[in-house]
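Everything below concerns the one structure shown next.
The values are calculated or read from the model by the stated rules, or taken from the named source; none is laboratory data. These figures come from a predicted structure and were not determined experimentally. A quick note on method: Cβ atoms are made from the backbone with ideal geometry, for glycine too, and the neighbour counts reach across all protein chains shown. Note: accessible area is taken over every heavy atom of the protein model, side chains too, but ligands, DNA and RNA are not part of it. Shrake-Rupley method; radii C 1.70, N 1.55, O 1.52, S 1.80 Å.
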Amino acid sequence: MSKSSNDLPIVRWAAAAIGFIYIYAAIGYLPYSAAVGLFIAGMFSLCFVIYPARRGSEKGRVTVFDALWILVVWGCAGYFILEYESMARRAGAPTDLEIWIGIASIIFSLEISRRT
């Protein structure tokens, strides 16, 4: 009998870490950009782990394709966290990299919507 992906320890720990981050953010110790970036990266990563790319695939098994998605998601979120101040100052004038990160974020959202 295979375990559900929700029974995997890494999924439980990651979900608990996201909850802890938001408790920490509610107290006011975490900047807005970090709270949003960590939420997006954490939730997208959990979706890529929990929901398989194909219907017949085993849940909880992370493929190389899923690992690449997760790495790129964390890269985009890291850019948002680190460059939030400069993006806010240049509101309405994104760089080429920010446009590509935006396109990638839309693709991630569509892929997660497809999986769920």
Worksheet item: Does Arg115 satisfy being at pLDDT below 90 and either open to solvent by 40 Å² or more (accessible area, probe 1.4 Å) or in contact with a strand residue (DSSP E or B) (Cβ under 9 Å, 6 or more places away or on another chain) (or both)?
Response: no
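Is it true that some residue in region 42-49 is surrounded by 12 or more Cβ atoms within 10 Å (Cβ to Cβ) and touching an Asp or Glu at 6+ places or on another chain (Cβ under 6 Å)?
The initial filter retains those residues of region 42-49 that are surrounded by 12 or more Cβ atoms within 10 Å (Cβ to Cβ), namely 42-49.
Then keep just the ones that are touching an Asp or Glu at 6+ places or on another chain (Cβ under 6 Å); that gives 48.
Yes: one or more hits.
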Item to complete: Report, ordered by the first and then the second residue, all pairs with beta carbons closer than 8 Å, sequence separation of six or more or different chains, a first member in region 51-69 that is free of Cβ contacts under 8 Å to residues at least 40 places away in the same chain and open to solvent by less than 80 Å² (accessible area, probe 1.4 Å), and a second member that is part of a helix (DSSP H, G or I) and not aliphatic (A, V, I, L, M).
Response: Val62/Phe48; Asp66/Phe48
Item to complete: Could you pull out the residue among Ala93, Ala88 that is over 20 Å from Val11 (Cβ atoms), in a helix (DSSP H, G or I), out of contact with any helix residue (DSSP H, G or I) (no Cβ under 8 Å at 6 or more places or on another chain) and open to solvent by 50 Å² or more (accessible area, probe 1.4 Å)?
Response: Ala88
Discussion item. I'm trying to understand the selection: among the residues of region 11-34, which are touching a residue at least 12 places away in the same chain (Cβ under 8 Å), over 15 Å from Ala88 (Cβ atoms) and open to solvent by less than 40 Å² (accessible area, probe 1.4 Å)?
Written reply: Val11, Ala14, Ile18
